[in-house]
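A short write-up of the structure that comes next.
The values are calculated or read from the model by the stated rules, or taken from the named source; none is laboratory data. Keep in mind the model is a prediction, meaning the values are calculated, not measured. Glycine gets a Cβ as well: all are built from the backbone with ideal geometry, and neighbour counts include every protein chain shown. These area figures cover heavy atoms from the full protein model, side chains too; ligands, DNA and RNA do not enter into them. Shrake-Rupley method; radii C 1.70, N 1.55, O 1.52, S 1.80 Å.
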Amino acid sequence: MRPIEWTGGRLRLLDQRLLPARVELVELERWEDVVVAIQSMQVRGAPAIGVAGAYGLVLAARTLAARALSHLDLPAFREQLATAARQLAAARPPAVNLRWAVARALRAADAAATPTDAAERILREAQAIEAEDLRANMAIGAHGAALLPLRARVLTHCNTGSLATAGYGTALGVVRAAWEQGKLKDVVATETRPLLQGARLTAWELSQEGIPTTLIVDSAAASILRDGGIAAVIVGADRIAANGDVANKIGTYMLAVLAKAHGVPFYVAAPSSTVDVDTPTGSAIPVEQRDPSEVAAPDGVEVSNPAFDVTPADLVTAIITERGVFTPPYAESLRSGAANA
Ligand code: MRU
């Protein structure tokens, strides 16, 4: 199940808005359409939109390089490429992976001699970002599975699996690795209102792997945690600040409070590209307000629809990246855990 595929000239996406009812692919040729695909969540999940953003820059570079053959010189090419990069990077503000991947792809063109050379270098960089993310997820899985007891029952939120990454997953990578090692009993997945990433994507992904999964409404988490039997809550992240504060899907903070109240470890699993040492604390992370129409409400009723919340670092038991397991105090430990440190 690949959410993103470079076909040699186009970016192919599995349209995640339609899953699991319909499995449909879309093929994009224009970088502007990649911006829209990220905003509309045809592709979603912080690492996956980072990879998509880097390929979006490939499309921009190819289009501009073709124009350069007729009238654009290298400085004008670079200027227009930088404009495309800015718009791609800003498509979903909380996910730092997007900004990181697009900036990295753009930097790859620095040494290019011609626009065509730049487009080729950006393509190689996008492919490297994709391959590295897959490797990072496998390592996250191994580090995270080592933290779990035998016969673990894990509670997770949103979707952090193959669909949200270049493959394997972050929090779901831990679940997968623990399952492969015979350590995992089962998974409790939250529905994840309002767009139901847990119900539509996580439950679907896990059922395809044969991993026993129980779906709950988000508001059932408190009583499940009180009843005992949950070995750990494991979630992903869209951005981890230098002090360990974690921005992730709305409802994550609530789960962290509940995990603390019931003495259950609360783990955050993410690649080092999600850790941003330039964001000092969670208060500097922009909260994405999404369209009110995503929440069912009678006409005339005001809706607030923040897509993310920030979990304070003191509720996080450990942060798992491909570089290892980081524990408090995060301001010190995370310095070696960030890709941009
Ligand atoms: O709005 P989404 O579906 O993109 O939100 C996704 C999450 O919050 C994930 O937990 C996060 O991006 C990490 S995905 C590996």
Just to confirm a number: summing +1 for Lys and Arg and -1 for Asp and Glu over residues other than Ala152 whose beta-carbon lies under 15 angstrom from that of Ala152, what do you get? +3
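Provide the net charge surrounding Phe266, with neighbours chosen by a C-beta distance below 11 Å and charges set as Lys +1, Arg +1, Asp -1, Glu -1.
On the way: positive: Lys260; negative: Asp314.
So the surrounding residues net to 0.
Quick one: which of 130-136, 314-320, 95-101 comes out on top by average Cβ neighbours within 10 Å, and what's the full order, highest first? Write out the running numbers ahead of the final one.
Values: 130-136: 19.0, 314-320: 21.4, 95-101: 28.0.
Averaged packing, sorted descending, gives the order 95-101, 314-320, 130-136.
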Could you tell me what percent of the accessible area of the chain is made up of carbon and sulfur, with a 1.4 Å probe and every protein chain present? 53
Please determine, in degrees from 0 to 90 and to the nearest 10, the orientation of helix 171-180 with respect to the longest principal axis defined by the Cα atoms of the chain, where the helix direction is its Cα long axis. 70
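Set the Förster distance to 30 Å, then compute FRET efficiency between Asp278 and Leu74 from the Cβ-Cβ distance, nearest 0.05.
Details: r = 29 Å, r/R0 = 0.98.
Efficiency, from the Cβ-Cβ distance: 0.55.
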Placing +1 at every Lys and Arg Cβ and -1 at every Asp and Glu Cβ, with all other atoms neutral, what dipole size does the chain have around its Cα centre, in debye to the nearest 20? 540
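Mean residue ellipticity at 222 nm from the helices of the chain, using -39,500 (n - 2.57) per DSSP H segment of n ≥ 4 over the full residue count, to the nearest 500 deg cm²/dmol?
Details: 10 runs with 131 residues, N = 341.
Computed mean residue ellipticity for the chain: -12000 deg cm²/dmol.
Could you sort 111-120, 249-258 so that the peptide with the highest average Cβ count within 10 Å comes first and the rest follow in order? Walk me through the intermediate numbers first.
Details: 111-120: 17.3, 249-258: 21.9.
In descending order of packing, they fall as 249-258, 111-120.
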